[in-house]
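**Student:** There's a structure below that I have some questions on.
The values are calculated or read from the model by the stated rules, or taken from the named source; none is laboratory data. Computed from a predicted model, the values in this text were never measured in an experiment. FYI the Cβ positions are ideal-geometry reconstructions off the backbone, even for glycines, and counts take in every protein chain you see. These area figures cover heavy atoms from the full protein model, side chains too; ligands, DNA and RNA do not enter into them. Shrake-Rupley method; radii C 1.70, N 1.55, O 1.52, S 1.80 Å.
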Amino acid sequence: MLRLTPTPDQERAIERMLSEPTRAALNTSDTGGGKTLQAAELALRMGAETVLVIAPISPLKGWKSTFERQGWALPIRNIDPKHPENHAALVQGEKGLYLVGREFFYLSANPSKPGKNGEIKRKARWLWTKANADLVILDESHSAKQRYGLMFETLKTLPKNSYRLAMSATPQGSHFDGIWAPTRWLWPGYPGPVDRSKQRWIAQWCETEKVWIGNGEYATKVVGEKDPGAFLRSLPCVVGVKVDKKPYKLFDVKVTLSPEHKAVWDEMATTSIAWMNDNPTVAKLPMEKRLRLRQMALAMPDINEEGEVSFAQDAESPKLRAALKIQDRHPGEPILYVTDSAKFAQIAAPQLGARLLVGGMKKADRDWLIDNLGKGYHYLVATYGAVAEGSDGLQTRCSIEVLFNPPDSAVMAEQFSGRLNRMGQRADFITRYRLIAKDTLDDEHLSLIHISEPTRQEAISYAVFCLKK
């Protein structure tokens, strides 16, 4: 593989990180902006001999190939349950690139909570306090947004003499105050750029409001940043590369639920209870109700005796019928279908003659699916969670995406936006179909959130189809 030459914008970011005297940096480059490439170049140019990468498990293959392509000549080791000896090698100071999945990173250092009988099912394997590295890279750093979360607590145990690099296109996560923990890890000194008291930090930087929580009490809720962008500007080293996105061809495909299907949806919407086969499902909380309604708009639901909602293999679904018609519009072309429901994905894949990519799959199986889309098979049904982070390579295989429903999270939407629309995309434009069940929450989503959702003005064409059957 030939070494990639960074773009001028990437080169400026690399040089800025190299010159940072605090030995810490936050990289907010757009999804597809080459954050992995920048990190590899930083490691090579600073002369790092031991590098620890903490990342979602799915892109670890990409980290390895990027470092090798850019000229890394030292050993590359995975730290995982099958290779515990590699953690020992890191602690003992053996040179190399060490790759660890973020969940294993923090779970390996923390026991599970005691069960009802006091039994601890998972014991801590080891500590990370002696994991010395010249450079520690935290990919998708918004995963450390929880102040008391295991990820942040484990990060704090790493030795403080390493250069620290956090990377995320959405560094604050879903809420602005989510940026405190990752930046506090980057710059832990006191006094320093990030106040060690989160409450003082909130008072300084955040817009808040009082929220009634009952019993005559109120809680303070962060609703945004007082001066948008001011906090990032206050930090010692924040870099970011903006990506010129490919234009979109947008198609909103509006479908009509059958009278029986719509009756079930309406029943949940009005009463928070729905019945099927004499079995009820009850949504006790507003969020639970919202999830049920989004799920029920995908296909006719099935409810078992325990009140669990699923789908029969032959469930009636106007969205699946529309998806088959989209295949007819693009004969022989690879198509990526996405949904937020793993249960729906499992019935959609066989009906569409597609492969399935969901959470919990083996890394080798994930890699095969990405590498062979458009070669060994043409249609892939995936959940947002399985492809939104670290599925680099899909853009070289596919330029058509079909959204069975939009992600219910601005962060997930932003992360997903870079799956096909990123460097390496060979098509002149991305074709996106949005499947919309009329008179459901799908309509609401068209006027909501998504920071990554292309507007009609950004699209080179826009059309609406109404499919009743």
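**Student:** All other residues with a Cβ under 9 Å from the Cβ of Val253 taken together, and with Lys, Arg as +1 and Asp, Glu as -1, what is their net charge?
**Tutor:** Working: positive: Lys254, Lys319, Lys325, Arg434; negative: Asp252.
Net charge around Val253: +3.
**Student:** Could you give the angle, 0 to 90 degrees to the nearest 10, between helix 342-352's Cα long axis and the longest principal axis of the Cα atoms of the chain?
**Tutor:** Between helix and principal axis, roughly 60 degrees.
**Student:** While we're here: So how strong a dipole does the stretch 126-240 carry about its Cα centre when Lys and Arg Cβ are +1 and Asp and Glu Cβ are -1, to the nearest 20 debye? Kindly include the intermediate steps, with their values, before the conclusion.
**Tutor:** Working: 14 positive and 11 negative charges, 72 e Å.
Charge dipole of the stretch 126-240: 340 debye, to the nearest 20.
**Student:** Ratio of alpha-carbon Rg to the 2.2 N^0.38 Å globular estimate for the stretch 335-420, to two decimals, please. If you can, show how the numbers build up before the last one.
**Tutor:** Details: Rg = 11.6 Å, N = 86, 2.2 N^0.38 = 12.0 Å.
Compactness ratio reported: 0.97.
**Student:** May I ask you to list the trypsin sites (Lys or Arg not before Pro) in the stretch 256-314 that are in a DSSP loop and have at most 15 other Cβ atoms within 10 Å of their Cβ? Mind showing how you got there, number by number?
**Tutor:** On the way: sites: Lys262, Lys284, Lys289, Arg290, Arg292, Arg294; in loops: Lys284.
Those satisfying the criteria are Lys284.
**Student:** Okay, next question. Can you return the aspartates and glutamates within cross-link range of Lys95? Criterion is Cα-Cα under 12 Å, with same-chain partners fewer than 8 residues away left out.
**Tutor:** Glu49, Asp134
**Student:** How much length would be gained if the chain were fully extended between Gln204 and Glu333, taking 0.36 nm per residue of separation minus their Cα-Cα distance, in nm to one decimal?
**Tutor:** On the way: separation 129, 0.36 × 129 = 46.44 nm, distance 5.23 nm.
In short, 41.2 nm is gained.
**Student:** Right, another one. Which pairs in the list Lys145/Lys221; Lys64/Lys242; Lys242/Lys362; Lys262/Lys343; Lys64/Lys363; Lys221/Lys242 are over 22 Å apart, alpha-carbon to alpha-carbon? Walk me through the numbers before you get to the answer.
**Tutor:** Details: Lys145/Lys221 16 Å; Lys64/Lys242 24 Å; Lys242/Lys362 32 Å; Lys262/Lys343 20 Å; Lys64/Lys363 14 Å; Lys221/Lys242 31 Å.
In this structure, Lys64/Lys242; Lys242/Lys362; Lys221/Lys242 lie more than 22 Å apart at Cα.
**Student:** Could I ask something else about it? Sorted by accessible area with a 1.4 angstrom probe, largest first, how do Met276, Met268 fall?
**Tutor:** Details: Met276 35, Met268 0 Å².
Sorted descending by solvent-accessible area, the residues read Met276, Met268.
**Student:** In what sequence, largest accessible area first, do Trp126, Trp185, Trp275 appear using a 1.4 Å probe? Walk me through the intermediate numbers first.
**Tutor:** Details: Trp126 40, Trp185 5, Trp275 130 Å².
I get Trp275, Trp126, Trp185, largest accessible area first.
**Student:** Next question, about the same structure. Using bins 10 angstrom wide from zero, how does P(r) for the stretch 76-202 break down, in % of all Cα pairs?
**Tutor:** 12, 40, 32, 15, 1
**Student:** For the chain, what is the mean residue ellipticity at 222 nm derived from helices alone (per DSSP H run of n ≥ 4: -39500 (n - 2.57); sum divided by total residues; nearest 500 deg cm²/dmol)?
**Tutor:** Working: 17 runs with 146 residues, N = 469.
So the calculated ellipticity at 222 nm is -8500 deg cm²/dmol.
**Student:** If you rank Ile213, Ile347 by how much accessible surface each has, with a 1.4 Å probe, what is the order from largest down? Show your work: numbers first, answer last.
**Tutor:** On the way: Ile213 100, Ile347 5 Å².
Of Ile213, Ile347, the descending order of accessible area is Ile213, Ile347.
**Student:** Which entries of Lys123/Lys210; Lys246/Lys325; Lys198/Lys246; Lys160/Lys198; Lys249/Lys319 show an alpha-carbon separation above 30 angstrom in the structure shown? It would help to have the intermediate numbers written out before the result.
**Tutor:** Numbers: Lys123/Lys210 40 Å; Lys246/Lys325 25 Å; Lys198/Lys246 39 Å; Lys160/Lys198 20 Å; Lys249/Lys319 19 Å.
Flagged as over cut-off: Lys123/Lys210; Lys198/Lys246.
**Student:** Please list 102-115, 22-35 highest first by mean number of surrounding beta-carbon atoms within 10 Å per residue.
**Tutor:** Working: 102-115: 15.6, 22-35: 22.6.
Result, highest mean first: 22-35, 102-115.
**Student:** If you don't mind, another one. Taking K and R as +1 and D and E as -1, what net charge do the other residues with C-beta under 13 Å from the C-beta of Gln92 add up to?
**Tutor:** Details: positive: Arg77, Lys95, Lys130; negative: Glu85, Glu94.
Result for the neighbourhood of Gln92: +1.
**Student:** Multiply the residue gap between Val282 and Arg233 by 0.36 nm, knock off their C-alpha separation, and tell me the result in nm, one decimal place. Walk me through the numbers before you get to the answer.
**Tutor:** Numbers: separation 49, 0.36 × 49 = 17.64 nm, distance 4.69 nm.
Result: 13.0 nm gained on full extension.
**Student:** Something else now. Place a +1 charge on the Cβ of each Lys and Arg in the stretch 224-332 and a -1 charge on the Cβ of each Asp and Glu, then give the dipole magnitude about the Cα centre in debye, rounded to the nearest 20.
**Tutor:** Working: 17 positive and 16 negative charges, 199 e Å.
The dipole magnitude comes to about 960 debye.
**Student:** A further question on this structure: Between Leu150 and Thr7, with labels modelled 7 Å along Cα→Cβ, what's the label distance in nm to one decimal, could you check?
**Tutor:** Rounded to a tenth, the inter-label distance reads 3.7 nm.
**Student:** What distance in nm separates the simple spin-label points at Asp439 and Arg45, each placed 7 Å from Cα in the Cβ direction?
**Tutor:** The answer from the label model is 6.0 nm.
**Student:** Over the chain, what is the relative contact order in percent, taking alpha-carbon pairs closer than 8 angstrom and at least six residues apart?
**Tutor:** Taking the mean separation of contacting Cα pairs over the length of the chain, I get 16 percent.
**Student:** Right, here's the next one. Output the peptides 436-442, 426-432 sorted from most to least packed, where packing is the average of other Cβ atoms within 10 Å over each peptide's residues. Please list the in-between numbers first.
**Tutor:** Working: 436-442: 20.7, 426-432: 16.7.
Packing proxy ranking, top to bottom: 436-442, 426-432.
**Student:** Taking only Cα atoms, what is the 0 to 90° angle, nearest 10, from helix 286-296's long axis to the longest principal axis of the chain?
**Tutor:** Its long axis makes an angle of about 60 degrees.
**Student:** Sticking with this one: Assign one of three labels to the stretch 36-151, namely rounded, prolate or oblate, based on the Cα gyration tensor with a ≥ b ≥ c the square roots of its eigenvalues; rounded applies when a/c is under 1.5, prolate when it is not and a/b is larger than b/c, and oblate otherwise.
**Tutor:** Values: a/c = 2.35, a/b = 1.83, b/c = 1.29.
Prolate, because a/c is 1.5 or more and a/b exceeds b/c.
**Student:** Sticking with this structure for a sec: Using a cut-off of 11 Å between beta-carbons, work out the net charge of the residues near Lys113 (Lys and Arg +1, Asp and Glu -1, Lys113 not included).
**Tutor:** Neighbour charge sum, excluding Lys113 itself: +2.
**Student:** Next question. For the residue pair Leu127 and Ser112, what label-to-label distance in nm results when each label sits 7 Å from Cα along the Cα-to-beta-carbon direction?
**Tutor:** Each label point is offset 7 Å from its Cα along the Cβ direction, giving 2.4 nm.
**Student:** Here is a further query. If each residue of separation counts as 0.36 nm, what is the full-extension length gain between Arg290 and Lys375 once their alpha-carbon separation is subtracted?
**Tutor:** On the way: separation 85, 0.36 × 85 = 30.60 nm, distance 3.82 nm.
Difference between extended and current length: 26.8 nm.
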